[in-house]
Amino acid sequence: LALVERPRDLEGLSVVISAGGTREPIDPVRFLGNRSSGRQGVALARAAADRGARVTLVAAHLDADVRPDPRVEVVAVSTADELGTAMDAISPTADVIVMAAAVADYAVAAVSEQKVRKQDSPGGLTLELRENRDVVAGLVAARREGQTIVAFAAETVADDAELLERARAKAARKGVDLLAANAVGWTRGFETTDNALTIVGAGGEVVATASGTKDDTAHALLDAVMATRGARRH
Ligand code: CTP
Ligand code: CA
């Protein structure tokens, strides 16, 4: 095991990271979820702590084997709405915000107080969904001077060109300082320790590409964050 001495370049900074995947209840025993393990967000939190930051992790259903570093303050949430409420409450004092969580785009319009029973919908069932608010859009709208906001995008794409095109469009649409995009599919991107990120800036420029373990890509993303912050100061 190689011991890497990290620069303490995030000393004095407050970093808020969301991680994991939200769950939207259908009834008391069921939910709509996604495959996010929380691994990349937890790796980011540890990397930021290693580099001297004060770190808060807003965690939505991390996989059981994904454990946040003890130096990181953890706020547990479940639904997209709860995640948004937590991020809104914690973010005003943050210097860096990273939305690594997979946030549900829709919630069940009418959550059933009782278990949904098969005999009530023989042959099939239609669930009506309503759109959740966009948490990162709210954070961008409330962004204060000196705050750096990073979004993630997990995309199913045909090739690197499509990933870049989608990353650029999403960075512009979200108004974030940086967007880290990765390709996902049935057999890639989830439940893995490795990742590959394409990191674009607000203007769609490729700031960095990084691949390796989720620790490696976490440090690469923090490098990009610090470069962006440095560039803005001069
Ligand atoms: N996000 C958010 N609030 C939501 C949905 C997403 O803050 N309700 C954040 C994610 O945490 C991520 C970024 O927005 O950092 C991009 O998420 P993504 O799902 O890729 O983008 P969407 O705008 O939801 O577009 P789509 O799912 O249609 O690709
Ligand atoms: Ca989405």
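So, of the residues in segment 179-195 that are out of contact with any strand residue (DSSP E or B) (no Cβ under 8 Å at 6 or more places or on another chain) and of a type in the set (Val, Ile, Thr), which turns out to be least open to solvent (accessible area, probe 1.4 Å)? Among those residues, the one meeting the criterion is 192.
Counting only residues that are surrounded by fewer than 14 Cβ atoms within 10 Å (Cβ to Cβ) and closer than 30 Å to residue 11 by Cβ, which one in segment 89-120 is nearest to ligand 2 (Cβ to nearest atom)? The extreme case among them is 89.
Listed by position, the strands (runs of 3 or more DSSP E) enclosed by segment 86-161 that each have at least 3 residues that are within 15 Å of ligand 1 (Cβ to nearest atom) and not aliphatic (A, V, I, L, M) are 148-155. Of all residues in segment 216-234, exactly one satisfies the criterion of being at pLDDT below 95 and over 19 Å from residue 149 (Cβ atoms), namely 234.
Screening residue 176 against (1) buried (at least 18 other Cβ atoms within 10 Å of the Cβ); (2) in a loop (DSSP other than H, G, I, E, B); (3) more than 15 Å from the chain's Cα centre (by Cα) leaves a single unmet condition, (3).
For the residues 126, 187, 217, 213, the requirement of being out of contact with any Ser or Thr (no Cβ under 6 Å at 6 or more places or on another chain), under 18 Å from residue 45 (Cβ atoms) and among the polar types (S, T, N, Q) singles out 217.
Within segment 126-140, the only residue that satisfies the criterion of being touching a residue at least 24 places away in the same chain (Cβ under 8 Å), away from ligand 2 (no atom under 13 Å from the Cβ) and open to solvent by 90 Å² or more (accessible area, probe 1.4 Å) is 130. Of all residue pairs spaced 6 or more apart or on separate chains, those with beta-carbon atoms under 9 Å, a first member in segment 38-53 that is at pLDDT 95 or above and a second member that is surrounded by fewer than 24 Cβ atoms within 10 Å (Cβ to Cβ) and of a type in the set (Gly, Ala, Ser) are 38/21; 52/12; 53/12; 53/14.
Taking every residue in segment 88-115 that is without any contact (Cβ under 8 Å) to a residue 40 or more places away in the chain and among the charged types (D, E, K, R) and pairing it with any residue that is part of a loop (DSSP other than H, G, I, E, B) and within 16 Å of ligand 1 (Cβ to nearest atom), at least 6 positions away or on another chain, the pairs with Cβ-Cβ distances below 9 Å are 105/132; 105/134.
The values are calculated or read from the model by the stated rules, or taken from the named source; none is laboratory data. Quick caveat, the model's predicted, so the values are computed rather than measured. Please note: Cβ atoms are built from the backbone with ideal geometry, for glycine as well, and neighbour counts cover all protein chains shown. What goes into the accessible areas is simple: the full protein's heavy atoms, side chains included, and nothing from ligands, DNA or RNA. Shrake-Rupley method; radii C 1.70, N 1.55, O 1.52, S 1.80 Å.
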